[in-house]
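The values are calculated or read from the model by the stated rules, or taken from the named source; none is laboratory data. This is a predicted model, so every value here is computed, not measured. Every residue, glycine among them, receives a Cβ derived from its backbone with ideal geometry; neighbour counts consider all protein chains shown.
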Amino acid sequence: MWQDSTLISIEKETEITWKFVIKVHSDFKYIPGQFVQIKVNDLVRSYSISSYGIDGNIFELIIVNLEGGKMTNYLFEKAKEGDNILIKGPLGKFTLPETISGDVLFVCTGTGIAPFRSILQSLVNQKINHKNIYLIFGTRLKKDILYPEEMKNFEKLIKGFKYIPVLSRENWEGMTGYVHNQYLDLINNNKLEDPIFYLCGWRDMIKEARGNLKELGFNSKKIKLEIYG
């Protein structure tokens with residue numbers, strides 16, 4: 001069922017990626033990792049919720065401006081604070097299990113970090129018991145890294161959490177290359193305990209990562225997917 005909501009804030013996170021803050025007019029409860037659908041005229045698109053724990057039926061979306069994208073053209077060129085937005089949700093099962101019995105490995109590119117930010121915020125707020133948690137985040141350039149300071153702060157707030165950003169098109173002080181090298185190195189150099197994998201981002205990355213993990217012998221039931229595009 002579609003619900004009325006209000007776009008209460010638009011802010012730049014990077015030059016091409018903006019944060020849209022939405023307030024739902026009716027009661028709205030979601031599990032970290034879920035997504036919503038947005039409807040504008042006849043256009044419908046899905047976006048992962050990137051926040052958790054904001055009061056008053058409010059949540060955030062982090063959206064990249066896709067060249068030629070009809071919805072992003074509206075959001076980046078025409079949308080303004082105070083606009084009415086139709087949403088449906090929350091939707092999806094890209095969520096943590098009720099009991100986290102093993103290590104957790106998040107792998108994402110670009111705005112695929114959105115559901116993981118929501119999950120990590122919930123871990124801070126709710127003090128959920130867990131093992132080690134790794135987040136591998138890939139993007140092209142340093143200026144495109146999303147939430148860098150917040151992710152570093154999570155390393156202080158969440159026991160066993162490790163943040164690994166990697167750039168594919170720029171040399172810098174951190175890791176370079178693609179996310180695949182990073183999770184393969186992590187698996188090879190650490191004795192992971194009954195790991196569960198969460199992959200979020202563009203289809204090609206997820207297809208390759210899922211194939212690599214299955215080749216290594218990991219059960220497909222322990223590989224969770226959220227595909228963008």
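Among the candidates 189, 132, 125, the residue that is within 22 Å of residue 33 (Cα to Cα), surrounded by fewer than 14 Cβ atoms within 10 Å (Cβ to Cβ) and either of a type outside the set (Asp, Glu) or at pLDDT 95 or above (or both) is uniquely 125. When each of 67, 60 is tested for being modelled with pLDDT under 95 and either out of contact with any helix residue (DSSP H, G or I) (no Cβ under 7 Å at 6 or more places or on another chain) or in a loop (DSSP other than H, G, I, E, B) (or both), the lone residue that passes is 67. Whenever a residue of region 199-223 is closer than 21 Å to residue 177 by Cα, its partners that are of a type in the set (A, V, I, L, M, F, W, C) and in a helix (DSSP H, G or I), lying with C-beta atoms within less than 6 angstrom and at least six residues away or across chains, give the pairs 199/206; 199/209.
State all residues of region 30-56 that are at pLDDT below 95 and closer than 23 Å to residue 124 by Cα; if no residue qualifies, say none. Selection gives 53, 54, 55, 56.
The set of residues from region 156-181 being without any contact (Cβ under 8 Å) to a residue 60 or more places away in the chain, out of contact with any Lys or Arg (no Cβ under 7 Å at 6 or more places or on another chain) and either hydroxyl-bearing (Ser, Thr, Tyr) or in a helix (DSSP H, G or I) (or both) comprises 156, 157, 176, 178, 180, 181.
For (1) in contact (Cβ under 8 Å) with a residue 60 or more places away in the chain; (2) outside any strand (DSSP E or B); (3) polar (S, T, N, Q), each residue gets a yes or a no:
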{"site": "71", "(1), (2), (3)": "no, yes, no"}
{"site": "76", "(1), (2), (3)": "no, yes, no"}
{"site": "79", "(1), (2), (3)": "yes, yes, no"}
{"site": "87", "(1), (2), (3)": "yes, no, no"}
{"site": "96", "(1), (2), (3)": "yes, yes, no"}
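For region 17-51, what are the residues that are out of contact with any strand residue (DSSP E or B) (no Cβ under 6 Å at 6 or more places or on another chain), surrounded by fewer than 22 Cβ atoms within 10 Å (Cβ to Cβ) and part of a loop (DSSP other than H, G, I, E, B)? The answer is 27, 28, 29, 31, 41, 42. Picking from residues in region 59-87 that are in contact with a Ser or Thr (Cβ under 8 Å, 6 or more places away or on another chain) and aliphatic (A, V, I, L, M), the one that is nearest to residue 8 (Cα to Cα) is 85. The single condition among (1) assigned by TED's automatic domain parsing to the domain that holds residue 190; (2) touching a strand residue (DSSP E or B) at 6+ places or on another chain (Cβ under 6 Å) that residue 74 does not satisfy is (1).
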